[in-house]
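Q: To start, I am sharing the structure in question, which I have written as structure tokens.
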Amino acid sequence: MAALRRDDNRVIIHFDYDCFYASVLEAENPALKSLPLAVQQKQIIVTCNYEARRRGLRKLQLIKEAKQICPDVVIILGEDLTKFRDVSKSLYCFLKSFLWTQKAERLGFDEVFLDVTEMIDYNMSLLNRHDLAHSFFCLDKRDPAIGFQFDATSYCGLTYPETIGSPLPRNTAVDGQHNLVQRLILGSHLAHYMRSRLDNEHGYTATVGISTSKLLAKLVGNVNKPNNQTTLVPPYSNSEGMSNVNRFIDDHEIGKIPGIGFKSARKIRTYILHREATFEPYTERNVDDQVKVREVRLTPTMGPPKLLDILGGHGASRDIGFQIWNLLNGVDNSEVLEARIVPTQISIEDSYKGLEQFEDVKKQLNLLAASLIKRVRTDLLDEQDHDTKGNDTPRWTALPRTLRLSTRRRSPKNADGSRDYSYANGRTSRSGPVPKFMFSLAESAEAVAEKLVDDSLVSMFRKLHPDKSFGELSLINVAVTNMVETAGDDKQSSGRDIGKMFKQQGSSIASAVVETNRLDDQVYQDSTSRNAANVTVTTQIDNTEWEESDEEDVPSAQLCDVCGSHIPVFAFGAHALYHAVPD
Ligand code: TTP
Ligand code: MG
């Protein structure tokens, strides 16, 4: 069997903000904190605060059901994601500011992985082994006075499994396993310090995990929710009895392991149970079909080749057996990706029951273009530069070069009035250069949008749909892609010069291209629906992401069989309910 090698030299901290959307609303209106609060999208609660959870409410519950259980629940619409996105961005920048490297990776809106190895290494070298109880954690190498005091003999916060007393040996020899213990102790104090600052300075609490990989840090954080932290304590290897890593991972249902996609989990369950399994990890439906990691790991003959047999096939990576076997054994050597606040593309879309008139399409194009321009301004203008350096004009951190318009036609009605939904999956797109005026800050987003529609989007639409009667459109998506990051602080650099950038662009985008049946490969999307208008709004932003699923599944997103949209894995439950709920 292939050797499993875990890199335990890193210290990784995973942050997951508590009831994120609800916390954003509470920060806006603190009076909500003591009330049961639920955030609504369509007819579903996408999250609720912990007061509401104490009263029996839960994520992905139907509004109707929630009102029955807790009649005094305060329900707030959370369909406009702007404020959630903005808070997410500023909390991420705050957490990243502690780091000495750029290794801070955002997952969705409310999770962040931090690789703090370098800070831990440095502070390990500062420890006075004879007086660990009075240690000082240095947060800035250039200024030894910046930091905090801590007791390096014990973990801060909770641990898995529980530890009583100091986990360090009485003698001062700190090597091997004890070296790992000491490093994780330091990690736990750093995590606690960051959590306190996050709470005191921004008013947000988080659930935090500390370990040596993204997988273990994320999973162990979940052990104590909310507003808490958990460190996965050594032994991490089986040389000294059973490793806590195996003990910990073994107890998870396989669908709960990040990196094991929805489809892979289903295939493994079916293999283990010898029958079709229908367990749904998010809603915990059909619990009899649950399969724990232990069961899979200890199945005779189980290993990478067997997993390849079970999971391999069309579209699957040839490494899938190894990848999944590693995860089942708690091995994840994937790097925390370096901070990239600039998205690779920004796109805004709405879905419709059926747009048939050009005038209606134009109206929608104006709305979408205005949202897109606002989004582009929020995401790509460097506010910090603007605020702190007193510059007259904020700096563009990146400029998109390509504008893309995509539409999807609704399937025609069959004789019996039904529709063939598979028809609707194909999107048709047209791309062209982004006009320079899109970056003008002298006019309102709406005014720039109008120009964009008249100058570019209408002609792109006409080329996509040359016939006057274009059928019924079920979706329009407007996006900017092909992002070029502007150069750093050097004001003379060509990156700052929009004029120059556009000259360069001319040569690379010779003409517009038509793409048919192109499925967007966004890594992350947030999805919500506008109840009143019965219209689904999807905003898609690429960002630094840890893929939630294996190769064979769509990374982080799943294709909805009913409407053909890509839905992020975490939102799939809500999306399925969206179709289930009558309008
Ligand atoms: P979660 O991390 O699942 O939940 P949470 O942060 O609200 O609660 P917890 O304390 O358990 O971590 O999701 C993050 C946010 O994403 C959540 O606040 C609302 C949003 N969301 C959706 O938009 N759709 C969904 O289906 C789910 C589950 C969440
Ligand atoms: Mg959360």
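Q: May I ask you to say which residue of 108, 157, 165 is small (Gly, Ala, Ser) and touching a Phe, Trp or Tyr at 6+ places or on another chain (Cβ under 7 Å)?
A: 108
Q: List every residue pair whose Cβ atoms sit under 7 Å apart, with the two residues 6 or more apart in sequence or on different chains, where the first one lies in the range 79-92 and is farther than 21 Å from residue 350 by Cβ and the second, anywhere, is within 12 Å of ligand 1 (Cβ to nearest atom) and open to solvent by 30 Å² or more (accessible area, probe 1.4 Å).
A: Hits for this filter: 88/110.
Q: Right, something else. What tally of residues in the range 240-256 results from selecting those that are buried (at least 18 other Cβ atoms within 10 Å of the Cβ) and in a helix (DSSP H, G or I)?
A: 8
Q: On the basis of being among the hydrophobic types (A, V, I, L, M, F, W, C) and under 15 Å from residue 192 (Cα atoms), does residue 132 make the cut?
A: no
Q: Is it fair to say residue 85 is in a helix (DSSP H, G or I), out of contact with any Lys or Arg (no Cβ under 7 Å at 6 or more places or on another chain) and open to solvent by less than 40 Å² (accessible area, probe 1.4 Å)?
A: In short, yes.
Q: When you go through 516, 486 one by one, which is the residue that is in contact with a helix residue (DSSP H, G or I) (Cβ under 6 Å, 6 or more places away or on another chain) and either at pLDDT 50 or above or exposed (fewer than 15 other Cβ atoms within 10 Å of the Cβ) (or both)?
A: 486
Q: Let me ask something else. Find the residue count for the range 286-313, including only residues that are at negative phi and among the hydroxyl-bearing types (Ser, Thr, Tyr).
A: Selection size over the range 286-313: 1.
Q: If we keep just the residues of the range 441-461 that are among the β-branched types (Val, Ile, Thr) and touching a helix residue (DSSP H, G or I) at 6+ places or on another chain (Cβ under 6 Å), which is farthest from residue 382 (Cα to Cα)?
A: Result: 453.
Q: What's the number of the condition residue 9 fails, among (1) assigned to a loop (DSSP other than H, G, I, E, B); (2) within 25 Å of the chain's Cα centre (by Cα)?
A: (2) is the only condition that residue 9 fails.
Q: Do any residues in the range 314-340 that are at positive phi have Cβ atoms under 8 Å from those of residues that are open to solvent by 70 Å² or more (accessible area, probe 1.4 Å), where the two are at least six apart or on different chains, and which pairs are they?
A: Note: pairs meeting the criteria are 315/551.
Q: When you go through 213, 237 one by one, which is the residue that is open to solvent by 40 Å² or more (accessible area, probe 1.4 Å) and either among the hydrophobic types (A, V, I, L, M, F, W, C) or not assigned by TED's automatic domain parsing to the domain that holds residue 28 (or both)?
A: 237
Q: Condition test on residue 108, is it more than 28 Å from residue 211 (Cβ to Cβ) and within 16 Å of ligand 2 (Cβ to nearest atom)?
A: No: the conditions fail for residue 108.
Q: In the range 335-448, which strands (runs of 3 or more DSSP E) lie fully inside it and hold 1 or more residues that are open to solvent by less than 50 Å² (accessible area, probe 1.4 Å) and either among the acidic types (Asp, Glu) or at pLDDT below 75 (or both)?
A: By residue number, 346-355.
Q: In the set 18, 8, 86, which member is near ligand 1 (Cβ under 9 Å from one of its atoms) and in contact with a helix residue (DSSP H, G or I) (Cβ under 9 Å, 6 or more places away or on another chain)?
A: 18
Q: Among the residues of the range 307-316, is there at least one that is more than 26 Å from residue 9 (Cβ to Cβ) and open to solvent by 90 Å² or more (accessible area, probe 1.4 Å)?
A: The answer is yes; a qualifying residue exists.
Q: Looking at residue 64, is it over 30 Å from residue 329 (Cα atoms) and more than 16 Å from ligand 2 (Cβ to nearest atom)?
A: yes
Q: Being away from ligand 1 (no atom under 15 Å from the Cβ), out of contact with any Cys (no Cβ under 7 Å at 6 or more places or on another chain), in a helix (DSSP H, G or I) and closer than 18 Å to residue 208 by Cβ: is that true of residue 99 here?
A: It is false that residue 99 is away from ligand 1 (no atom under 15 Å from the Cβ), out of contact with any Cys (no Cβ under 7 Å at 6 or more places or on another chain), in a helix (DSSP H, G or I) and closer than 18 Å to residue 208 by Cβ.
Q: Could you give me the residue pairs with C-beta distances under 7 Å whose first residue belongs to the range 270-294 and is modelled with pLDDT under 90, whose second residue is loosely packed, with under 11 Cβ neighbours inside 10 Å wherever it lies, and which are 6+ apart or on separate chains?
A: Every condition considered, the pairs that remain are 279/287.
Q: So for the range 30-50 (the condition being among the hydroxyl-bearing types (Ser, Thr, Tyr), away from ligand 1 (no atom under 14 Å from the Cβ) and surrounded by fewer than 23 Cβ atoms within 10 Å (Cβ to Cβ)), does at least one residue qualify?
A: yes
Q: Only one of 113, 98 is more than 16 Å from ligand 2 (Cβ to nearest atom), among the aromatic types (Phe, Trp, Tyr) and closer than 20 Å to residue 229 by Cβ; which?
A: 98
Q: Quick one: count up the residues across the range 274-303 that are outside any loop (DSSP other than H, G, I, E, B) and open to solvent by 40 Å² or more (accessible area, probe 1.4 Å).
A: Summing the residues that are outside any loop (DSSP other than H, G, I, E, B) and open to solvent by 40 Å² or more (accessible area, probe 1.4 Å) in the range 274-303 gives 8.
The values are calculated or read from the model by the stated rules, or taken from the named source; none is laboratory data. These numbers come from a predicted model, not from an experiment. Glycine gets a Cβ as well: all are built from the backbone with ideal geometry, and neighbour counts include every protein chain shown. Surface accessibility is based on the protein's heavy atoms, side chains included, excluding ligands, DNA and RNA. Shrake-Rupley method; radii C 1.70, N 1.55, O 1.52, S 1.80 Å.
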